[in-house]
Amino acid sequence: MYTKNSEHTKQLQQCRQYFSDREFEKLNEIFLPLLDKKIPEALLAQVDFQMQKDPNEGIGNLLQLAQNNVPMANYKMAMLLYFHPELTLDFNAFLEQAYLREEEPAIMVCVYLAYANGSTELAKRILFSHTKIDGISDIILALGLVHKTTDIEKPNYQKFKRSDNTRHTLHYHNQEISLATADNFLNEFECAWLKLRAQKSLEPSMVVNAESGKKEQSPVRTNQFSQLIPTSSDWVLLDIEQRIAKLIHLPISHGEVSNILYYQKGNEYKPHYDFFHPKDPGSALAMQDGGQRVRTALCYLSPAKEGGETYFPRISEKLPGQVGQLIVFDNVSKQLAPLPPSLHQSLPVISGDKWILSKWYRLNETSYKQNLIELNL
Ligand code: PD2
Ligand code: ZN
């Protein structure tokens, strides 16, 4: 079986940087020898570069790599087709090939889609027949599943459909800030997957300093957080982000990077606004990337046992949160005037842990768009 070489991975990260900085001479110096050696990650990086210049050439090349069974090429093709339904080709056949090659992200996506389509039994059978893969055993643990010795039948890949985002509706709690919730927006698998994804990179939370516009640690926010910068294995994350964006009628490219917030006993996020105040000296700098923060989306992955509610003191709304519940609200009016009733906080956790996904949306496209372009979204 093909194993990754960390030296190649580092070199290819450098190549991607050179490509985005348009430093083609430096790029070729490292990239061409890797291509000559037919290093799979280099062949896939070439597809990404082509995709930004000439998508047809990129897709054609990727199709060939998939047919030649280059590691991860079938997964990449499936992901491309999933996120681009306009490309009429069916993603399922490519996902099947990647699954049969036992590629971890493909197995994870099959589980994800099985859960999304309500086939939890199938999802569990897929999980238990791949327990030797680290990521799969981690998610089994995170989901609290107990092993059953049922044999796997070959999954019917045609049954893996795009998750249906039309079934969610927003229920409004307050008109002044369009505060709304959607229950069970995420299922238990998605919540567990996001927590696992964040767990390895938790660090102390930051806030934007109103004077300088720069991020810093502060007693206002005592929890930990992890920024989820998506990679090509983040099909699940990108699908969730796309579903949130659709539901709240904002382009995914107006989002900032998703944050996962983790609160332990005593942790809180004191009352604050998510908008940048026009009078704060630091706002101009903070608004250079996408303008004003117009909306906030929060999704509870797991609420604390006691405390930890999301509280809006000016409108007396206290939301305890439920697993998978989405909360959205406006920070500014249609005319971009700050909305005082949007003042909100995360009350101190009294017992248990709280996990939440937080996503801020700007008025315009943000630099996050570049991450999406690099992933061919
Ligand atoms: O974690 C929360 O409930 C919370 C509360 C207030 C998160 C945010 N603000 C945020 O991420 O902006
Ligand atoms: Zn906030």
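The values are calculated or read from the model by the stated rules, or taken from the named source; none is laboratory data. Predicted model only: the values in this text are computed from it and were never measured. Every residue, glycine as well, gets a Cβ built from its backbone with ideal geometry; the counts of neighbours run over all protein chains shown. Heavy atoms of the whole protein, side chains included, go into the accessibility calculation; ligands, DNA and RNA do not. Shrake-Rupley method; radii C 1.70, N 1.55, O 1.52, S 1.80 Å.
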Quiz item: What pairs can you find where one residue is in region 11-35 and over 14 Å from F49 (Cβ atoms), the other is open to solvent by less than 60 Å² (accessible area, probe 1.4 Å) and hydrophobic (A, V, I, L, M, F, W, C), and their Cβ atoms are less than 7 Å apart, with a gap of 6+ or different chains?
Solution: Q11/I30; Q11/L34
Quiz item: How many residues are open to solvent by less than 30 Å² (accessible area, probe 1.4 Å) and in a loop (DSSP other than H, G, I, E, B) when one looks only at region 39-86?
Solution: 3
Practice problem: Can you confirm whether region 236-249 contains a residue that is within 15 Å of ligand 2 (Cβ to nearest atom), buried (at least 22 other Cβ atoms within 10 Å of the Cβ) and more than 26 Å from P348 (Cα to Cα)? | Solution: no
Practice problem: For residues that are under 21 Å from L301 (Cβ atoms) and assigned to a loop (DSSP other than H, G, I, E, B), scanning just region 328-371, find the one that is nearest to ligand 1 (Cβ to nearest atom). | Solution: L347
Quiz prompt | region 280-299 - residue that is within 28 Å of R197 (Cβ to Cβ) and more than 16 Å from ligand 2 (Cβ to nearest atom) and, of those, surrounded by the fewest Cβ atoms within 10 Å (Cβ to Cβ) | solution = D289
Quiz item: Within the bounds of region 55-74, is there any residue that is within 26 Å of the chain's Cα centre (by Cα), on the phi < 0 side of the Ramachandran plot and among the charged types (D, E, K, R)?
Solution: no
Exercise. Kindly indicate which of K246, K195, K200 is within 16 Å of ligand 1 (Cβ to nearest atom) and either charged (D, E, K, R) or farther than 28 Å from L375 by Cα (or both).
Key: K195
Exercise. Could you tell me whether D36 is closer than 19 Å to E374 by Cα, out of contact with any helix residue (DSSP H, G or I) (no Cβ under 6 Å at 6 or more places or on another chain) and open to solvent by 50 Å² or more (accessible area, probe 1.4 Å)?
Key: no
Quiz item: When both residues are 6+ apart or on different chains and their Cβ atoms are under 6 Å apart, which pairs have a first residue that lies in region 155-183 and is more than 15 Å from I244 (Cα to Cα) and open to solvent by 50 Å² or more (accessible area, probe 1.4 Å), and a second that is outside any loop (DSSP other than H, G, I, E, B) and of a type outside the set (A, V, I, L, M, F, W, C)?
Solution: Q158/N92; H173/E317; E176/P341
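State yes or no: is Q217 open to solvent by 60 Å² or more (accessible area, probe 1.4 Å), in contact (Cβ under 8 Å) with a residue 24 or more places away in the chain and polar (S, T, N, Q)?
no
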Exercise. Taking the options H277, H272, H254, name whichever one is within 19 Å of S212 (Cα to Cα) and open to solvent by less than 60 Å² (accessible area, probe 1.4 Å).
Key: H272
Self-check item: Checking F312 against (1) away from ligand 2 (no atom under 13 Å from the Cβ); (2) over 25 Å from Q199 (Cα atoms), the condition it does not meet
Solution: (1)
Quiz item: Applying the selection to region 87-105, what residues are in contact with a Leu (Cβ under 8 Å, 6 or more places away or on another chain) and open to solvent by 20 Å² or more (accessible area, probe 1.4 Å)?
Solution: L87, L89, D90, F94
Exercise. Could you please find all residues in region 253-264 being more than 13 Å from W360 (Cβ to Cβ) and either in contact with an Asp or Glu (Cβ under 6 Å, 6 or more places away or on another chain) or small (G, A, S) (or both)?
Key: S253, Q264
Practice problem: Looking only at region 87-105, decide whether some residue is in contact with a Lys or Arg (Cβ under 7 Å, 6 or more places away or on another chain) and in a helix (DSSP H, G or I). | Solution: no
